[in-house]
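Inspection log for the structure reproduced underneath, given as structure tokens.
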Amino acid sequence: MKRPTAGTVLGILALLLVSLNPSSAEDITTLDGQKYTDVRDVSLKPGGLFFVVGTGDSVKGVNVPYTNLLDEVKEKYHYNPYEVSLVFARRNQPIILTKNLAFSMDNLEAAKKKAKEEKKLMGFIMVWDYFFVRSHPMHSSSNGALAHFYDVFHDNLVLVFVRHESELGLVPGAVRAGFTGPDEGGIAPNMAVVTANCSQLVCEIPCGGKEYNTQVREQIFREKIAVINAFLKAQKKETKAGR
């Protein structure tokens, strides 16, 4: 099957992001109880669901973080968190990579607490200190790969940076299984995705190996995202069955 060009994909997603519901007016209630009436022009943005409310001089735009939306609202507007992040990464906006963009191993318990509270998986990214520079996510360098990992996964997982220089022996067993498994690829950055309590490896995500480009890396991300989504779906089903 012929692979769609980047322009085609961006064009299709632009329609999705800009005009999901341009004309109809309805109501949206958030998780914290805020109710917005006569909502119009709903669109998916990297930072949340955007829409317009009010009339005349009182018209205003509202952006609600996806974490503050009911599941049925996200489903109604076809919210796919990873698709939004993948599209954003393709814009290739520069990012200043710093160590405070994620948790460190020194703050592992705080990271686990956040993952539990937000009902998210955790992503442990193996890094070298020299990765932390101004980078573009669509660049083939190691720091570019880290920027790509960050853009795609930081809203969807609780991230922890693991220093290759000194911290590989400090990671939980499930993370170690990912870092030493067959999917690690031998190149940093790479990421082990585990449960919030760090007891179970979900998948290991390589950056693409020695011979790769950003398209290959995105395809790897998509394949592993499918694994993550399948795990979450099974986990949700088990939770419902246990009630």
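The values are calculated or read from the model by the stated rules, or taken from the named source; none is laboratory data. Not measured: the values here are computed from a predicted model. As a convention, Cβ positions derive from the backbone with ideal geometry for all residues, glycine included, and neighbour counts pool all protein chains shown.
Here are some notes:
- Val59 surrounded by 15 or more Cβ atoms within 10 Å (Cβ to Cβ), of a type in the set (Val, Ile, Thr) and not assigned by TED's automatic domain parsing to the domain that holds Phe149: no
- Filter result for the condition that a residue is touching an Asp or Glu at 6+ places or on another chain (Cβ under 6 Å) and closer than 12 Å to Val162 by Cβ, over Met105, Met126: Met105
- Residues that are closer than 30 Å to Trp128 by Cβ, at pLDDT below 90 and not in a helix (DSSP H, G or I) within segment 55-99 are absent altogether.
- The number of residues in segment 152-166 that are in a helix (DSSP H, G or I) and exposed (fewer than 15 other Cβ atoms within 10 Å of the Cβ) comes to 0.
- Selection status of Thr214, more than 20 Å from Ile95 (Cα to Cα), touching a residue at least 40 places away in the same chain (Cβ under 8 Å) and surrounded by 15 or more Cβ atoms within 10 Å (Cβ to Cβ): no
- So Val52, is it within 16 Å of Lys35 (Cα to Cα), in a helix (DSSP H, G or I) and at pLDDT 90 or above: no
- Filtering segment 115-151 to residues that are without any contact (Cβ under 8 Å) to a residue 40 or more places away in the chain, assigned to a loop (DSSP other than H, G, I, E, B) and either of a type in the set (Asp, Glu) or more than 21 Å from Ser104 (Cβ to Cβ) (or both) leaves only Ser141.
- Test: residue in segment 105-116 that is under 16 Å from Cys207 (Cβ atoms) and out of contact with any Ser or Thr (no Cβ under 8 Å at 6 or more places or on another chain): no
- Checking segment 134-149 against the condition returns no match, with no residue being over 22 Å from Arg90 (Cβ atoms) and either among the small types (Gly, Ala, Ser) or not assigned by TED's automatic domain parsing to the domain that holds Lys224 (or both).
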